[in-house]
Ligand code: NAD
């Protein structure tokens, strides 16, 4: 049995707490590894290593810090297949989807290759008589990242790339469900030239998270995961004097206007609703067709496509989607589907009994489609995080707009229309962080920033883009005046203490 430990000070370190968690192959239900769950002392060892290495790294000039990322990007491309397979083997998603996961992180590494420019400060000459004022961006010191299972490549890179490029040391606490890829990324960073101790991976659960949140030497915490934990991490980090950015769950709607290209909208819903078995924070889980006719046509087109979804293990390169990540996730999703039926929604495609020959113990759920869902139902209020699409029928544009506006979550939203005026009004009025106009999963690129509103995000600076440089640095502003000196002229008289 493979035993996954920690990666501290540039080396693999076995766990010593005596506590472990199982890592499954979600397609077969087999335990394929155990992962160590760190104690406070193990987290502290990582902090000590980070503390020792960080000052020299911060003093390394920014071009040299950037060069580590140039090389790291090269190594990610070199090993892309191997990394994607490793990711899929623990997460369960298709290998092509895992490549997308890694590439979205790689792009943030490309972005931070511009750190010499990104980290530059500001300067005002003559802010007063003979006074100059300037500000510099210094690293926070030691940063930490706590990441979810669903993007074990992209999200760790979203965090550690800007943090490290800015001159911080970093402690990554990945999800205990798929911990192998994050450790492999840390190895590659060492191969790319990063000094030992700057990127440490400490595996664990709530215990390790609490040790991070109370550690006196960690200055900033970035979290991505479910909303209750995001809220907890944000509050606890703040109480302990740390800056924090915490991103939570989602319930992303897609409004389909009567004038939309329906085939395009259906294709978009298929990918955004069922890709990665719906285990994406930017998955579209609610379709809101406007008008009965749009709704009827949409549902008619969706049904055969959902029934034709090809579901399989990550080793099947023809599969559209794989299993859910754990047995608990499968049980939870099936329970929510049951509740939808009980509460009166119409289950038009039922994937609850999906079975795959040879993979009977895998955590599969087939694609599901609910129609006539209403806002009071649990399947509408809750983030299902499975391959389940809910259709909520709206009478008109204003009713459609109100649904995502009133929902607890505010991560992403999309509108499908041919009408520029409707799209423009929608983008302006909606209280959600990321908007797609005829784009289903509007995940911003690395040089813009990622973040939702409402219960999808706690804190004020987003992931990646220039926000991330602000998050991982502290601003220091210097006001300086130099009294008149040597420039007044040379002195030919023997200097004495006047
Ligand atoms: P999760 O909240 O269960 O776990 C996230 C992290 O928190 C993990 O590292 C986990 O070990 C840790 N954790 C779990 N329970 C904890 C506790 N009680 N105390 C302290 N730490 C704890 O989330 P998950 O199931 O891994 O990921 C899925 C969730 O993440 C979904 O809600 C999804 O929407 C969300 N997500 C959000 C974004 C975003 O950017 N908004 C992106 C990806 C995923």
Filter region 161-182 for residues that are more than 14 Å from the ligand (Cβ to nearest atom) and closer than 22 Å to residue 78 by Cβ and give the result.
161, 164, 165, 180
Please tell me if residue 233 is within 24 Å of residue 43 (Cβ to Cβ) and part of a strand (DSSP E or B).
no
If you go through 304, 216, 228, the only one that is within 14 Å of the ligand (Cβ to nearest atom), modelled with pLDDT of 95 or more and surrounded by fewer than 21 Cβ atoms within 10 Å (Cβ to Cβ) is 228
Evaluate the following for residue 204: is it touching a helix residue (DSSP H, G or I) at 6+ places or on another chain (Cβ under 9 Å), within 14 Å of the ligand (Cβ to nearest atom), on the phi > 0 side of the Ramachandran plot and modelled with pLDDT of 95 or more?
yes
Members of region 231-260 that are more than 7 Å from the ligand (Cβ to nearest atom) and out of contact with any strand residue (DSSP E or B) (no Cβ under 7 Å at 6 or more places or on another chain):
235, 236, 239, 240, 241, 259
Out of region 187-213, which residues are within 15 Å of residue 153 (Cα to Cα) and surrounded by fewer than 24 Cβ atoms within 10 Å (Cβ to Cβ)?
187, 188
Filter region 450-470 down to residues that are assigned to a helix (DSSP H, G or I) and within 14 Å of the ligand (Cβ to nearest atom) and give me whichever is nearest to residue 169 (Cα to Cα).
468
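One line per residue, one yes/no per condition, for (1) outside any helix (DSSP H, G or I); (2) within 15 Å of the ligand (Cβ to nearest atom):
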| site | (1), (2) |
| --- | --- |
| 399 | no, no |
| 405 | no, no |
| 418 | yes, no |
| 421 | no, no |
| 426 | no, no |
| 431 | yes, no |
| 448 | yes, yes |
Could you list, in sequence order, the residues of region 192-201 that are more than 16 Å from the ligand (Cβ to nearest atom) and in contact with a helix residue (DSSP H, G or I) (Cβ under 6 Å, 6 or more places away or on another chain)?
192, 193, 194, 195, 197, 198, 199
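The values are calculated or read from the model by the stated rules, or taken from the named source; none is laboratory data. A quick note: this is a predicted structure, and the numbers were derived from the prediction, not measured. Cβ: placed from backbone, ideal geometry, glycine included. Neighbour counts: every protein chain shown.
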